[in-house]
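The values are calculated or read from the model by the stated rules, or taken from the named source; none is laboratory data. Computed from a predicted model, the values in this text were never measured in an experiment. In this analysis, Cβ positions are derived from the backbone assuming ideal geometry, glycine residues included, and neighbour counts consider all displayed protein chains. We work out accessible area using only protein heavy atoms, side chains counted, and drop any ligands, DNA or RNA first. Shrake-Rupley method; radii C 1.70, N 1.55, O 1.52, S 1.80 Å.
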There are 2 protein chains.
Amino acid sequence: METRLGRLAQTPRSRTEPPIKPELFVGRLEAQLGKAVGLMQFGVNHLTLEPGSYSSLRHWHEGEDEFLFVLSGEITLIDDHGEHLLAAGDYVGFPAGMANAHHLVNRSSGPTTALVVGTRKQGLETIHYPDDDIGAVTVHRGTDGSRVEN
Amino acid sequence: METRLGRLAQTPRSRTEPPIKPELFVGRLEAQLGKAVGLMQFGVNHLTLEPGSYSSLRHWHEGEDEFLFVLSGEITLIDDHGEHLLAAGDYVGFPAGMANAHHLVNRSSGPTTALVVGTRKQGLETIHYPDDDIGAVTVHRGTDGSRVEN
């Protein structure tokens, strides 16, 4: 019943340390805003990318919608159709099941920030990574929307 | 398969004209960003409130999570626990089923803007409006996440 407020400056930001191509993510910081205020149905992450950093491996989701809104700076979207430069106020949607693998990279000389929203679908979800050896990965989310380690 | 990009300045903004207390919403403008790029599982709306305007009637959702992130200006959250002043970078979550009715009002002297995210749950959803004669309203969303008029 309590009021669930958060302040961006006081929300922990974590650096991603993935096992694949970790060099792409050195300047990537993420604050999990939705989780901080108890949401389970979708995630809302505040993303900071220092110059040269990527948002993720290039991927698409079978069952979960994704959305990104640029808050500051410039960021380049890379998808099956090439490169698209986005600036503050620009946004992009990735509907579930749209087989158009995407990620974002900061090719500018300053930091960029964005809000990223994604459904947290209970049960099984398959994510495709066409550029990488992992191919497709099936993950499992529990009833609170968190990933369950199998 | 196409790239689904949007630019905030080019996205249509609509003025709400609700049947109840329309005077609260004269300076409320909303751009439906998620819908503009084909998302169906959650909505992402860019909200502008001129001084004195409200976001909605005070309400809470039985089955849908809601989230708000302040982009610029100041905005006052009103819920069961009183008033809470929010500024740029502040955010608030309203988990589904949390019976803490809320809305936001701009009591400042300039406009405020925010991003509002909400689940678009297929099927029936009940929304409670404790301050108004309507009480509780059950709505129906179709498979594309849009409300179906019954």
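Does any residue in the stretch A:90-118 that is more than 17 Å from B:A36 (Cβ to Cβ) and among the basic types (K, R) come within less than 7 Å, Cβ to Cβ, of a residue that is at pLDDT 95 or above and part of a strand (DSSP E or B) six or more places away or on a different chain, and which pairs are these?
That search, which allows pairs on different chains as well, returns A:R107/A:T76.
Looking at the stretch B:116-135, is at least one residue open to solvent by 10 Å² or more (accessible area, probe 1.4 Å), among the charged types (D, E, K, R), touching a Pro at 6+ places or on another chain (Cβ under 8 Å) and away from chain A (no Cβ under 14 Å)?
no
Which members of the stretch B:1-28 meet the condition of being within 14 Å of chain A (Cβ to nearest Cβ) and of a type in the set (S, T, N, Q)?
B:T3, B:Q10, B:T11
Under 6 Å by Cβ, and 6 or more places apart or on different chains, what pairs join a residue from the stretch B:21-45 that is among the aliphatic types (A, V, I, L, M) with one that is modelled with pLDDT of 95 or more and part of a loop (DSSP other than H, G, I, E, B)?
From the stretch B:21-45, the pairs are B:L29/B:R13; B:A31/B:T11; B:A31/B:R13; B:A36/B:T11; B:L39/A:D65; B:L39/A:P95.
State whether one or more residues within the stretch A:133-143 are in contact (Cβ under 8 Å) with a residue 40 or more places away in the chain and among the basic types (K, R).
Within the stretch A:133-143, none of the residues are in contact (Cβ under 8 Å) with a residue 40 or more places away in the chain and among the basic types (K, R).
One residue is enough: does the stretch A:71-93 have a residue meeting the conditions under 24 Å from B:G145 (Cα atoms) and more than 10 Å from chain B (Cβ to nearest Cβ)?
No - not one qualifying residue is present in the stretch A:71-93.
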